[in-house]
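Enquirer: The following block contains the structure, expressed as structure tokens.
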Amino acid sequence: MAEFSLIEVIRERCAVIRDDVRLGIGDDGAVLAVPADHELVVSTDTLVAGVHFPLQTAPFDIGWKALAVNLSDLAAMGANPAWATLALTMPSADAAWVEKFADGFAALASEHHLALVGGDTTRGPLSITITVFGFVPVGMAITRAGAKPGDWICVTGTLGDAAAGLACVQARDDGAHELIGRLNRPTARIVAGLLLRDVASAAIDISDGLLADLGHICARSGVGAELCVDDLPMSPAFGEYADVSTRQRLQLAGGDDYELCFCVAPDRAPALLWNLAQNGCAATRIGQILAGHEIILSDDCGARIEIPQHGWEHFT
């Protein structure tokens, strides 16, 4: 299949009509309208076969995940998704693969009324680069830099499922459907991100592992933190997986959760957690922000805990 035929397959399957798309796929560039009194939040992520997803992952799941990990960045900043561009590099012009990939992308895009407005296709090792664009009222974007001593540290959903799912795939344990599902089709916490706006003092999405990503908040905010590992939320499926120390390691450093870690002042936290639960996204307090720069891990008895790995890094 020729390149422009592939582009047409993607365009047809991912069609979402929005009034703010003045000119979309088919020209040298897109022409887009940003609403008055809003700012544009932009984020880009690349997924590489064998690094960000196992080689045997179904193309539908790759399409879903490639968009979900980008939407997760918008969620962490309290932005409402609007548009995306897609750069797809693949070894050959496999029409059947592209159709299933586009269907996975479109399934998630339609949930959030997100329009694909441009991109590129090229030949090479399989990789997907997506740039997403979202809106936030002027001055309302959540950043990593606002955490203060005394703030509660909370996370949405549960932690560790995706890392356990990856271990199951690598062990050829195809029976762990729920865990593998969390790996292949993460949930973009867009609704939660909108509820955090103007309430949370700082937030980040958990992609490289809780410790690594909380570390980014601490570094940008100039603070430290204490986490209680016994308070880390887990799903029933994850609770049955491996031993306690393995579960703790995966929850703290496994990555690929794409949940939100956020900080909030104690007087605003209970109402926020209630509001999140009422809107279908339970969140859990797991620690608090401290003065200083250290991240302390302890159990519910106050005993210190050490783990050898803090999260994923591409160049180590």
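Enquirer: Quick one: length gained pulling Asp20 to Asp198 fully straight, 0.36 nm per residue minus the C-alpha distance? Kindly include the intermediate steps, with their values, before the conclusion.
Expert: Numbers: separation 178, 0.36 × 178 = 64.08 nm, distance 2.52 nm.
Full extension from Asp20 to Asp198 adds 61.6 nm.
Enquirer: For every helix of n ≥ 4 consecutive DSSP H residues, a contribution of -39,500 (n - 2.57) applies; sum these over the chain, divide by its total residues, and give [θ] at 222 nm rounded to the nearest 500 deg cm²/dmol.
Expert: So the helix-based figure for the chain works out to -10000 deg cm²/dmol.
Enquirer: Once you sort the root eigenvalues of the Cα gyration tensor of segment 175-230 as a ≥ b ≥ c, which label holds: rounded (a/c under 1.5), prolate (a/b larger than b/c) or oblate (the other case)?
Expert: Values: a/c = 2.55, a/b = 1.47, b/c = 1.73.
Oblate, since a/c reaches 1.5 and b/c is not below a/b.
Enquirer: Pull up the DSSP beta bridges for the chain and report the antiparallel fraction as a percent, rounded to 5. Can you show the working numbers first?
Expert: Working: 40 of 54 bridges.
Roughly 75 percent of the DSSP beta bridges within the chain come out antiparallel.
Enquirer: I would also like to ask the following. What percent does the relative contact order of segment 178-316 come to when contacts are Cα pairs within less than 8 Å and at least six residues apart?
Expert: Reported as a whole number, the value is 41 percent.
Enquirer: So, one more: So, counting K/R as plus one and D/E as minus one, what does the shell of residues with Cβ under 11 Å around Ile204 add up to? Display every interim value, and only then the final one.
Expert: On the way: positive: Arg144, Arg220; negative: Asp73, Asp205, Asp208, Asp213, Glu259.
Local charge sum for Ile204: -3.
Enquirer: Let me know the charge dipole size of the chain about its Cα centre in debye, to the nearest 20, where only the beta-carbon of Lys, Arg (+1) and Asp, Glu (-1) is charged. Numbers along the way, then the final one.
Expert: Working: 20 positive and 40 negative charges, 48 e Å.
Value, rounded to 20: 240 debye.
Enquirer: Given a cut-off of 22 Å, what percent of all Cα-Cα pairs of segment 3-137 lie beyond it? Before the final figure, lay out the partial values.
Expert: Details: 2915 of 9045 pairs.
The share of Cα pairs beyond 22 Å in segment 3-137 comes to 32 percent.
Enquirer: Go through segment 248-260 residue by residue and turn each phi into a ³J(HN,Hα) via Karplus (6.51, -1.76, 1.60, θ = phi - 60°); whole Hz please, and just put x for glycine and proline.
Expert: After applying 6.51 cos²θ - 1.76 cosθ + 1.60, I find 4, 4, 5, 5, 7, 9, x, x, 6, 6, 6, 8, 9 Hz.
Enquirer: Once you have the alpha carbon radius of gyration of segment 152-298, what is it after dividing by 2.2 N^0.38 Å, with N set to its residue count? Spell out each step's value before the answer.
Expert: Details: Rg = 14.9 Å, N = 147, 2.2 N^0.38 = 14.7 Å.
Segment 152-298 yields a ratio of 1.02.
Enquirer: Another question, then. Check Asp151: other-chain or 5+ apart residues with amide H under 5 Å from its amide H, H built from backbone geometry?
Expert: Ile289
Enquirer: Could you compute how fast segment 108-154 diffuses translationally, taking Rh as the Kirkwood radius over C-alpha pairs and applying Stokes-Einstein at 37 °C with viscosity 0.692 mPa s? Give it in µm² per second. Write down the numbers at each step before the final one.
Expert: Numbers: Rh = 15.3 Å.
Diffusion coefficient, whole number: 215 µm²/s.
Enquirer: Something else about it: In the chain, with Lys and Arg counted as +1 and Asp and Glu as -1 at Cβ, which of these residues, Ala102, Ala15, Pro81, has the Cα nearest the positive end of the dipole, that is, farthest along it?
Expert: Value computed over the given set: Pro81.
Enquirer: Please list, in order, the residues from segment 205-232 whose amide nitrogen is less than 17 Å from a point placed 7 Å along the Cα→Cβ vector of Asp300.
Expert: 227-232
Enquirer: Hey, rough spin-label estimate for Asn275 and Asp103, points 7 angstrom out along Cα→Cβ, what's it come to in nanometres?
Expert: Placing both labels 7 Å along Cα→Cβ, they lie 3.9 nm apart.
Enquirer: I've got another one for you. Report relative contact order for the chain in percent, whole number only (criteria: Cα-Cα under 8 Å, sequence separation at least 6).
Expert: 22 percent
Enquirer: Quick one: work out Rg over Rh on the C-alpha atoms of the chain, Rh as Kirkwood radius. Don't skip to the answer; put the middle values down first.
Expert: On the way: Rg = 19.8 Å, Rh = 20.2 Å.
Here the Rg-to-Rh quotient is 0.98.
Enquirer: For the modelled label position 7 Å from the Cα of Ala171 along Cα-to-Cβ, which residues of segment 225-246 have backbone nitrogen atoms closer than 15 Å?
Expert: Residues 237-246 fall inside that zone.
Every number in this text was worked out from the coordinates using simple rules, so none of it is lab data. Predicted model, so just to flag it, every value in this text is computed and none were measured. Neighbour counts run over all protein chains shown; Cβ positions are idealised from the backbone, glycine included.
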